[in-house]
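Trainee: Just dropping this structure here.
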Amino acid sequence: MNYFRQFAKSAFFPSMVPNDGGGAADYPNRPIRFVVPFAAGGPGDILGRILGEKLSAAWGQPVNIDIKHGINGIVGSDIVAKAAPDGYTIAIAASAHYINPNIYRKMPFDSVNDFAAVALVAGGPNVLVVHPSVKAKNLAEFIAYAKAHPGELKYASGGHGSPSHLAGELFNIKAGVDIRHVPYKGHAAAGIALSEGREVQLMYDAVFTCISHIKNGDWKALAVTTAKRAAALPDYPTMAEGGLAGYEVSPAMGVLAPAGTPPAIVNKLSAEIAKIVRMPDVAAKIRSDGAEPIGNTPAEYSAYVKSEIAKWAMVVKNANIEIQDTPT
């Protein structure tokens with residue numbers, strides 16, 4: 001953690017600075033602020049509210065959801081990075097958290113060192129979806145067409161540096177194709193453009209948001225991006241099954257606390273989250289949205305964060321993605 005940030009926490013919150021890693025016996029004894037750095041109504045908001053309700057019921061303290069949407073999740077995450085390290089301010093994190101340090105030269109926080117990883121909560125695949133006008137019946141035919149028509153196909157994303165942007169660039173690298181990127185101002189605008197089929201023909205979308213379009217016939221699904229098939233779309237192959245080995249994108253959402261939060265509190269949060277996501281009603285809700293419950297340990301989540309940052313660093317470098325000075 002930045003020295004001056006740690007000093008500020010020590011100076012202004014002296015009773016909240018961890019000493020011997022304890023402090024979990026009476027935690028929590030007041031309301032918890034649960035920051036959701038994404039738009040209301042999206043997967044992060046839904047998952048945050050599920051966790052908040054169950055944590056509140058388990059511990060008898062309010063868990064207040066605080067939507068702080070803006071700049072690829074940076075606005076909300078920065079609040080948590082600068083909060084007192086006492087377990088009373090936590091946040092949901094998703095793919096943008098692992099991508100951002102690779103596309104911005106200057107961030108307001110360190111995505112690894114300014115946070116304590118608590119637990120991965122749930123994850124699910126992206127899906128390569130195409131407009132019905134695309135004639136390819138499967139992934140192999142699609143790749144063959146893209147190779148024969150370089151630069152002709154275009155894919156939509158929610159913006160420069162968004163998870164859907166980098167998923168597309170990773171596909172280009174692994175498949176050896178040239179599919180052009182068209183960024184839109186947000187995920188909703190990208191989805192509308194794909195439905196129209198005039199400017200773009202494909203998109204790499206989360207199961208949560210594309211499953212209704214697939215079932216309605218608005219879009220065709222060619223493959224899911226995880227190592228295993230998606231429970232919500234069991235009839236659709238993985239990229240490897242479709243003939244593209246080595247392509248895997250496994251987006252997952254987790255919970256972060258400020259760096260310096262006592263390990264005993266982090267472990268207590270992690271254990272409770274793992275218990276919650278295994279509750280039958282919660283697991284069923286997560287699966288109905290196209291994801292799978294996870295609930296792992298702080299050490300496992302920390303390793304995941306670092307591995308994801310490294311993966312996207314490779315994509316940004318190999319795809320020559322433009323690096324921006326600061327988040328705007």
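Trainee: Of (1) part of a loop (DSSP other than H, G, I, E, B); (2) touching a strand residue (DSSP E or B) at 6+ places or on another chain (Cβ under 7 Å), residue 248 satisfies all except one. Which?
Mentor: Unmet condition: (2).
Trainee: In addition: For region 119-132, what are the residues that are buried (at least 24 other Cβ atoms within 10 Å of the Cβ) and within 22 Å of residue 282 (Cα to Cα)?
Mentor: Hits for region 119-132 are 119, 120, 121, 122, 124, 125, 126.
Trainee: Residues that are outside the structural domain of residue 167 (by TED's automatic domain parsing) and in contact with an Asp or Glu (Cβ under 9 Å, 6 or more places away or on another chain): does region 282-293 have at least one?
Mentor: yes
Trainee: To continue, here is another question. Within region 167-235, considering only strands (runs of 3 or more DSSP E) that don't extend past its boundaries, which have at least 3 residues that are surrounded by fewer than 20 Cβ atoms within 10 Å (Cβ to Cβ)?
Mentor: 180-183
Trainee: Next up: Which residues, taken from region 283-328, are over 23 Å from residue 123 (Cβ atoms), touching a helix residue (DSSP H, G or I) at 6+ places or on another chain (Cβ under 6 Å) and part of a helix (DSSP H, G or I)?
Mentor: 318
Trainee: Sticking with this one: Identify, by number, the condition in (1) under 21 Å from the mean Cα position of the chain (by Cα); (2) over 25 Å from residue 224 (Cβ atoms); (3) modelled with pLDDT of 95 or more that residue 119 doesn't meet.
Mentor: (2)
Trainee: Right, something else. Could you tell me whether any residue of region 209-227 is under 19 Å from residue 38 (Cα atoms) and within 18 Å of the chain's Cα centre (by Cα)?
Mentor: yes
Trainee: When you check residue 75 against the structure, is it closer than 25 Å to residue 46 by Cβ and not assigned by TED's automatic domain parsing to the domain that holds residue 219, yes or no?
Mentor: So residue 75 fits the description; yes.
Trainee: To continue, here is another question. With respect to the numbered conditions (1) surrounded by fewer than 18 Cβ atoms within 10 Å (Cβ to Cβ); (2) assigned to a helix (DSSP H, G or I); (3) outside the structural domain of residue 155 (by TED's automatic domain parsing), which one is the sole condition not fulfilled by residue 266?
Mentor: (1)
Trainee: Could you please give the count of residues in region 269-290 that are of a type outside the set (A, V, I, L, M), surrounded by 16 or more Cβ atoms within 10 Å (Cβ to Cβ) and under 17 Å from residue 59 (Cα atoms)?
Mentor: Residues in region 269-290 being of a type outside the set (A, V, I, L, M), surrounded by 16 or more Cβ atoms within 10 Å (Cβ to Cβ) and under 17 Å from residue 59 (Cα atoms): 2 in total.
Trainee: So, one more: Please go through region 133-164 and give me each residue that is buried (at least 21 other Cβ atoms within 10 Å of the Cβ), modelled with pLDDT under 95 and not hydroxyl-bearing (Ser, Thr, Tyr), ordered by number.
Mentor: 158, 161, 163
Trainee: Which members of region 172-204 meet the condition of being closer than 16 Å to residue 142 by Cβ, among the hydrophobic types (A, V, I, L, M, F, W, C) and in contact with a strand residue (DSSP E or B) (Cβ under 8 Å, 6 or more places away or on another chain)?
Mentor: Correct list: 179, 194, 200, 202, 203.
The values are calculated or read from the model by the stated rules, or taken from the named source; none is laboratory data. Note that the structure is a prediction, hence the values are computed from the model and not measured. Quick reminder, even Gly has a Cβ in these numbers, built from the backbone with ideal geometry, and neighbours come from all protein chains shown.
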